[in-house]
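For reference, the structure is listed below as structure tokens.
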Amino acid sequence: MLRSIALALALVVAAPALEGRAQQSLYPTDACVATKLDAAAIYCGKSMQSAAFGGSARLAPARQRLADAWTNAEATSSEAGVSCAETTATAAEMIAAIDAAAAEVTAEIAASTVGSRGCEQRRQLLAAQACQVLLTQEANHLRNRSTDRTREELEAAQAQLTAKVATRLTDGGTCAGSPDAEQLVALANGAADAARFAAYVSPRVPAEWTMITPDAEVPYNGKTLDPICSRGTPWVFFVKRGTVNKTLMYYQGGGACWSYTTCTLPTHKVSAGPSDNPANATTGFADFNNPENPFRDWNAVFVPYCTGDIHWGDSVYEHRQGGLKVTIHHKGYVNAQVAEKWAREHFANPDQVFVTGSSAGAYGAIMNSLPLQEYVWPSSDFAVLGDAGNGVITQDFQQNDLPKWGVEQNLPSWIPDLNVPITALDASKLWSISALFYPHNRFANYSSSFDGGTGGQTGFYNVMLNLDNPLSWLNWWPPSCEWNAIMREYVHASAAAAPNYRYYIGSGSRHTMWGSNKVYSDTTGNVPRIVDWVDAMLDETPAWVNVESDDPGLLLPGDPRPNPPEYPYTEDGRVVCE
């Protein structure tokens, strides 16, 4: 009886076609979780009905059916080459979560019902049916996320469910009053949320930062990935579980290399290991203990960097100079895919995803966010922020050096303007093209005005301009004004092209902001605090605006500067471009 009424309440919503967009088959983890949600839906209805009518002794068969569904779903996933045993709570944990939520809903209805005992029972029955429908809708949405990327169809179905509950509640006018249909569905949604969280966020992931050492060969989407650092040493990554169904993907910075000289000095971070553990961080957004940190409660995946290719590479390249040579494993994109595979198999369907990275990691963030948005979590709400990676490069680097990393084979073929030869890729338009393709998500760049130092954006631009003169690399400041002008041109053009793109240009010459406490304090040049701007980006409020300091050349404490000062740096602590 319960199931037949629940199915009557459910609504089938037509899915829009996605023209010109290749669709991947349902990933085994998603299929497994959807099957588990179907089983959880039936059990939620029975558990809530049992709590309302005192029939808990009859739940044993329902619990066994849920356990059997878990076993079958995990076996099917394993046959497809992907385990989903750790993706969700166990069957026993799901049963406990639903039972606890059902008891709370029943008690709330009993305490707040206005009307007769019959009306109370009707409300309890309708809440049970609503919980079943809501979780069934969730399972169907998981199977078809790519056709409902903004979740509008799912939300519409839930609104119509409320209308149907209202009709059944007030049929004959006998059960008007409180709680009304909207409140009943909200209560049922609370119980459904407990099941969703248990299905989507793996309880097996530790709540503290944990280092993951992947296998030497990782099968993923028909490929065999070989995670590794540039000199052939092992690569690792770090993860932690939060308390909300939101996921942070962070791509670490650490320079780049593209020639014998840059790769042997080297100008990039060459290893990954325990020293990269984010738990060591005590400042900025990297400090998850700061109550102002908007990501303190999020699930998180930290992707270390050690490949010299801005997380884009997929090649083993022999860099030569005369009779000298050095072999570099440019496998940054491969490493990122290994982290991607782990993330989708442990955080199955986040409500919100924030993709970011600093310096080289800013480029990793934008490029690796694209498959995350397209295939991994297509209906999650995304915000993508590049910290100190604005794409100011030389034409010579574009044509002769970028191809060495093996980038072209992994460019997003589903985005026409990025499905081009690597030599034709316009780095200045990477952000706006991506933003226009995903207009329901948000994209942004942060940079200081004169991002300096040997490892800063001006420093690497200087290396590109003087590749054959390594001694000049230490004098990183001469192109500061040129770099600033190009950077500003790029972000202004991106903002003009894409309405869902913003930029933030702060004062001074500091490279990156993520790990600095300036994110909570700096307002130099009449700018908002970075944390407030990021909060506005996450919530998509009117406070998320384009920001540019009205005192860009003022150097802040700790900002890189030549000693003694040289043009365009002045003795009074400023950058002055003439």
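Figures for the structure shown
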| read-out | value |
| --- | --- |
| Alpha-carbon Rg/Rh ratio, for the stretch 2-200, with Rh computed the Kirkwood way | 1.00 |
| Spatial separation of Cα centroids for the stretch 43-85 and the stretch 98-115, in angstrom | 22 Å |
| Relative contact order of the chain, defined on C-alpha pairs under 8 angstrom at six or more residues apart (%) | 11 percent |
| Filter on Lys246/Lys331; Lys240/Lys331; Lys341/Lys429; Lys36/Lys164; Lys331/Lys404 - keep pairs with C-alpha separation over 20 Å | Lys246/Lys331; Lys240/Lys331; Lys341/Lys429; Lys36/Lys164 |
| Nearest 10 degrees, 0 to 90: helix 181-200 Cα axis against the chain principal axis | 60 degrees |
| Cα-based helix-to-principal-axis angle, 530-539 vs the chain, degrees rounded to 10 | 40 degrees |
| Cα extents of the chain along the three principal axes, largest first (Å) | 85, 51, 44 |
| Nitroxide proxy distance, nm - points 7 Å out along Cα→Cβ at Ser116 and Thr210 | 5.4 nm |
| Beta bridges by DSSP in the chain, antiparallel share as percent, to the nearest 5 | 40 percent |
| On Cα atoms only, tilt of 480-497 relative to the major axis of the chain in degrees | 30 degrees |
| Signed unit charges on C-beta, dipole axis of the stretch 464-557, positive-most listed residue His511, Leu538, Trp473 | Trp473 |
| Label zone at Thr243, where the point sits 7 Å out along the Cα-to-Cβ direction: the stretch 280-296 residues whose backbone N lies under 20 Å | 285-296 |
| In nm, spacing of pseudo-spin labels at Asn419 and Ala543 (7 Å Cα→C-beta vector) | 4.1 nm |
| Contact order relative to length of the stretch 2-200, as percent, for alpha carbon pairs under 8 angstrom and 6 or more apart | 35 percent |
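Since every read-out is calculated from the coordinates, none of them should be taken as a lab result. The model shown is predicted, which means the values in this text are computed figures rather than measured ones. Neighbour counts run over all protein chains shown; Cβ positions are idealised from the backbone, glycine included.
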